[in-house]
Amino acid sequence: WNTLVSGSKRWVLFPPEVEAHQVFRTESATSLSEDLADSASHWLHHCYPNVDELAASKCIDFVQHPGETVYVPNGWWHNVVNLEFSIAVTQNF
């Protein structure tokens, strides 16, 4: 879970049945490993627009605001980008 104290975060989540090749795609990448090596921000700007249609239909995309708690179920692909300076309390199980 992640509870945001201040700032804002953009979250993109995909369920476990979505496969890596469906979410790690760019027009310029020559290999999957090239996309995997980049930052969360790079993925959001370069891979996310190229996510395949089936994966996109299962995607959950939202902005977290102060006071909100996000729980990411086990096995879910997720990407998080701070939209501004942010402070959060988090716990991984």
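The values are calculated or read from the model by the stated rules, or taken from the named source; none is laboratory data. All figures in this text were calculated on a predicted structure; none of them were measured in a lab. Positions of Cβ are generated from backbone atoms using ideal geometry, with glycine treated the same way; all protein chains shown enter the neighbour counts. Please note that ligands, DNA and RNA were not included when accessible areas were found on the heavy atoms of the full protein model with its side chains. Shrake-Rupley method; radii C 1.70, N 1.55, O 1.52, S 1.80 Å.
So the values come out like this:
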quantity: Members of the stretch 49-74 found to be open to solvent by less than 40 Å² (accessible area, probe 1.4 Å) and modelled with pLDDT of 90 or more, listed by number; calculated: C59, Q64, V70, V72
quantity: Candidate set from the stretch 75-86 (those that are touching a strand residue (DSSP E or B) at 6+ places or on another chain (Cβ under 8 Å) and open to solvent by less than 80 Å² (accessible area, probe 1.4 Å)); member that is nearest to E17 (Cα to Cα); calculated: W76
quantity: Residue in the stretch 24-44 that is at pLDDT 90 or above and either closer than 25 Å to G7 by Cα or open to solvent by less than 80 Å² (accessible area, probe 1.4 Å) (or both) present; calculated: no
quantity: The stretch 1-20 residues that are closer than 26 Å to G67 by Cβ, paired with ones that are open to solvent by less than 10 Å² (accessible area, probe 1.4 Å) and in a strand (DSSP E or B) (beta carbon under 8 Å, 6 or more apart); calculated: N2/Q64; L4/Q64; S8/Q64; K9/Q64; R10/Q64; W11/Q64
